[in-house]
Every structure is written in structure tokens, then in C-alpha cells.
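Beneath this line is the structure, given in C-alpha cells, with notes to follow.
Read-outs throughout are calculated quantities, based only on the coordinates presented, and are distinct from any laboratory measurement. Given the structure is predicted, the values throughout are model-derived calculations rather than measurements. Positions of Cβ are backbone-derived with ideal geometry, glycine not excepted, and every protein chain shown enters the neighbour counts.
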Amino acid sequence: MVIKSVAIIGTQWGDEGKGKIVDFITKKYNITHVVRYSGGNNAGHTIIVGDKKIVCHLLPSGIINPGTICIIGNGVVIDPEVLIKEIQKIEMLNIKITSDKLKISENAHIIMPYHKQIELKSEESKGRNKIGTTGRGIGPTYADKINRIGIRIGDLINKEIFSNKLKKNLEFYNKLLISIYNGDPINYEKVLEEYINYAEIIRPFVENVNHYFFKLLNSNSDYIIIFEGAQGTLLDIDYGTYPYVTSSNSTLGGIFTGSGFGNIQFNKIIGIAKAYSTRVGNGPFPTELKDDIGKYLQNKGKEFGSTTGRPRRCGWLDIPILKYSVNINNINSIVLTKLDVLSGIKKLKICTKYELDGKEFDYFINNQTFLDNCRPVLEEIGGWEEDITNIKEFEKLPDNCKKYIRKIEEMTKVPVDIISTGPDRNQTIIRNEIL
Ligand code: GDP
Ligand code: IMO
Ligand code: MG
């Protein structure tokens, strides 16, 4: 029996093209399982195959590949309404989502209406200093998990447990909503009825994921498992640009606590890196471009959020950030995406280090004061005019484009194994086989 594991991790602030690459690798290497282990429907992972566009928020991006089993691990927070709608959307593409195809951990926490309300009010109260969250209730749901008052999928499908926990939590949250936030209370009966209906739809997919993996390990078949990260290293609650981060561990560590699978020796830890930088929401962004080039990247790269539709801030590639992500996640393979978007920019720049008070730093410093005040040191490298969206071999890329890729390899000391030259599954160059 052979078990292979591949981790897919965002190296920047999310939206690096993880969905496209998970789908591509799933199809190319006959991946048997794709596991989401963190985040929730703050994620938006886009897959494009021909004229079909699918955005996965909660379902793993292996979902459209026949035969691939998709697992939502205990580290994910689930909005049942969103999950059900997503399943229905995929089924409209003639892909049957059975309990063999999709398994959901009974220990994943669920997002409740009060989580979304509290998040909205809390963001409003922060004014200019708001995080700029996706408004999906992610932070308050993880807060309840840590506070040990969260409600899990396993609770949802037991009416007695669910109704008791809901009643208790609403007693607290309604007080908070009324007295602190001047808001309206949430109706217990209404939420109960709504969620009991969700429970019946979700019930068939609920699984003891740990035991499922245990059985898999003790079976005689071969498996290749992808652990699909959501968000990116710089949005990680511990390693990201705190407090402008999400509320979970989007880095490699999240796999160990959030997937339900313990026996992991990664064959590849793949860092997905966009050829430039983007960020949605507030927070430090040393290489941000507030000029015409920033606008060019935003328009050409269609940099509008897959979840909220908000414009993404754009800037030059930041090498210290890539090196940081490589270190934090032990990345041994880079997939470079959206390289096609850089075509037509005469002079490209990449940030190789930062400068503060006359001192230079060639590594990322995760400190708000530093990030608010540092200046990126930019190195200019030649651009290319050619459209690269139909190129299928590395050698056929323009010389400066190859130089750009080699520069990234030289500075991160990690090979760029796959290059993405467009949103479609087919617009992908494999330089080195990853498995
Ligand atoms: P994810 O959250 O990391 O899965 O990324 P998103 O799906 O939120 O955002 C990436 C966007 O870029 C999507 O609209 C993709 O269809 C698109 N995309 C992915 N790879 C490429 C690429 O190589 N070139 C171009 N032009 N677009 C890409
Ligand atoms: P994918 O998986 C980009 C950002 C939000 C906000 C911060 C906190 O598609 O790469 P949250 O709602 O999580 O509490 O918001 O994190 N954010 C993302 N940005 N891509 C994502 O996911 C994101 N998920 C959260 O914009 O700045
Ligand atoms: Mg996204």
C-alpha cells in the first residue's frame, strides 16, 4: 500500500490560485482524496474548465473530479446554508454529491446567525480600524470554539443537544446584541426550525473522519491525499499580519489539527505564489502600488474577491514574504500563478528586502510597527511583451519571463515546478513532475 500526501498552501494573503491548482493536480495525478482543514466560506477557490466556472467556498476543489473523495475536516467552520447551496450548485453540473463523495467531520464547528451579527457590529464599532473581514461570521465562530461554547456538526444532527446549546447561546448573544450593540434579538424558534432542516440535509455526509482515515491507513489500497489550504500564510492567526488576519491556522500546522489525519509525511509541500502580490481587506502591504501599474494589475488580473467581490489591492512581488512562507511551511515546491498578467509591463520590480531607519532587512519581520514604517527595496528586472497564455513549455517562454522565474528560485531556494499562465485548467506548464 502506498499513501502519498501533498499540502497546498497559500504563500501570500490568499487568492493565489489554490483552487485552480488543486483541481489541476487532482485531475493530472488521479488524487483519491482532497481535504479542507481550515477556514470556512471566507475562502473562494475558483476552478475554470472550458466554459464552466466553479467557485468553491466550503467544498474541496477536487469536487468536480470523478472518483475523488472530498473531506471537510474538523478545523473548518461551516455555514450549513452555504454548504447546502454549494452542493446544489455542483449537482446542477450533473455531478452527484453522495455520502461516498463528500464526508464532513462531526467535529467541525458551525456558523450561527449570531456569529454574523456580532461580526458586523464589531466591525462597525472599529470604524477606520476595521479588519475588513468577509462578514461570514468566521472570527466569532472560532472564538466560540476556543471559548468552548461552540456548536459542532455532531451537535447539529442531535435535536436535543442542538436546541439546548442554541437556547443557552442565544440567552448570552441576545443580551450582547441588545445592550452593547443596540441591535435586535435573534428568534430562537426561527433559528431552531431553520437549522433542524439543514441538519436533515447534512446528516448523510457526517463522518467520524479520524476513524475513516484510520481504516484507510489499514487498508490495502494506494491513496494520494491533497490537503487544500485556504487563505494564505500572511492571513494565519499566528504567523500572519496580526490583527489583520483570519481566525485560523492557514499554514501547514493547521493540517495536523484540522484534518483528522495524523500519519502525514508530505511528499510535497507546495506553496502557491502569485507572480505579484494582492490583498483584500485592511492591513500592512509593503509593496502595494497605488498608481497606474496597481490599476493595471487589478484590471488585467481581474483582481476582485471570489467571495465578496471587493477589489483586491495589488503590488509587486515580495520576496522576503515568499522566503518567510517557505520557512514557516517547509515548502519544497513552488507553483507560480498569474504570470500572464505581467505581460506588457516594460519594467518589472520585485522587492528583495526592506529598509527601515537606514538599515536593510532581507527577511520578513512580523511586527506591526516595522511593517507600518518599512520601505520596500525594489530591484528592477526586464519585462516581456508577449502573451504567454497559450505557451505549454517552459523553454518557449520569453527570456525575461524565464529570468523572472529563475530569480524567484534563486532567492527562495525552492524550485518553481509548475507555472500557471491563465485561469483555465489547461493553461498550466509542468516544469518538473511533482509526484
Ligand atoms: P484561491 O482563493 O487561491 O483559490 O484563488 P481565487 O480563485 O480566489 O483567485 C484567483 C483568481 O485568478 C481566480 O479568478 C482564478 O480563476 C484566476 N487565476 C488562477 N490562475 C490564474 C493564472 O495563472 N492566470 C490568470 N490570468 N488568472 C488565474
Ligand atoms: P482564499 O482561500 C483572501 C481576508 C479578509 C480579511 C481577513 C479576515 O480564497 O484565499 P475573515 O472573514 O476571514 O475573518 O477576514 O482575511 N480573507 C481572505 N482574503 N482570500 C481568502 O481566502 C480570504 N479569507 C479571508 O479579506 O482581510
Ligand atoms: Mg480566493
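The table for this structure:
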| item | result |
| --- | --- |
| Distant-in-sequence amide H partners of Thr428 (H built 1.01 Å from N, under 5 Å) | Thr421 |
| Residue-wise HN-Hα coupling along region 348-356, computed from phi with Karplus coefficients 6.51, -1.76, 1.60 (Hz; x: Gly, Pro) | 8, 10, 10, 7, 9, 7, 10, 10, 9 |
| Unsatisfied cross-links (Cα-Cα over 32 Å) in the set Lys130/Lys290; Lys130/Lys347; Lys18/Lys89; Lys18/Lys407 | Lys130/Lys347 |
| Theoretical FRET efficiency, 1/(1+(r/R0)^6), r = Cβ-Cβ of Asn432 and Glu386, R0 22 Å, to 0.05 | 0.40 |
| Computed Kirkwood radius, in angstrom, where 1/r is averaged over Cα pairs of region 53-209 | 16.6 Å |
| Degrees between helix 80-91 axis and first principal axis of the chain (Cα, 0 to 90, nearest 10) | 60 degrees |
| Flagged links, alpha-carbon separation over 25 Å, of Lys52/Lys346; Lys53/Lys126; Lys103/Lys338; Lys274/Lys349; Lys53/Lys413 | Lys52/Lys346; Lys53/Lys126; Lys103/Lys338; Lys53/Lys413 |
| For Val77, residues with placed amide H under 5 Å, excluding near neighbours | Gly39, Gly40 |
| Cα-based convex hull volume of region 231-323 per residue, rounded to whole Å³ | 120 Å³ |
| Translational diffusion coefficient (Stokes-Einstein; Kirkwood radius from C-alpha pairs) of the chain at 37 °C, 0.692 mPa s, in µm²/s | 147 µm²/s |
| Inter-label distance, nm, simple model (7 Å from Cα along the C-beta direction), Lys175/Arg203 | 3.4 nm |
| Sorted by Cβ density within 10 Å, fewest first, the residues Thr337, Thr307, Thr98 | Thr98, Thr307, Thr337 |
| Taking Ile293, Ile138 and counting other C-beta atoms within 10 Å, the order from fewest to most | Ile293, Ile138 |
| For region 273-430, fraction of C-alpha pairs farther apart than 30 Å, in % | 12 percent |
| Rh by Kirkwood over Cα pairs, then Stokes-Einstein D for region 109-201 at 1.567 mPa s and 4 °C, µm²/s | 94 µm²/s |
| Tilt relative to the chain, helix 113-126 - C-alpha long axis, 0 to 90 degrees, to 10 | 50 degrees |
| Cβ-derived FRET efficiency at R0 25 Å, Leu378 paired with Asp357, nearest 0.05 | 0.85 |
| Value at 222 nm in deg cm²/dmol, rounded to 500, when DSSP H runs of n ≥ 4 in the chain each add -39,500 (n - 2.57) | -9500 deg cm²/dmol |
| log10 of Debye I(q)/I(0), alpha-carbon scatterers only, for region 29-113 at 0.11, 0.12, 0.25, 0.27 Å⁻¹ | -0.27, -0.32, -1.43, -1.61 |
| Cα lying deepest toward the dipole's positive end in the chain, options Leu435, Tyr404, Thr308, charges on Cβ | Thr308 |
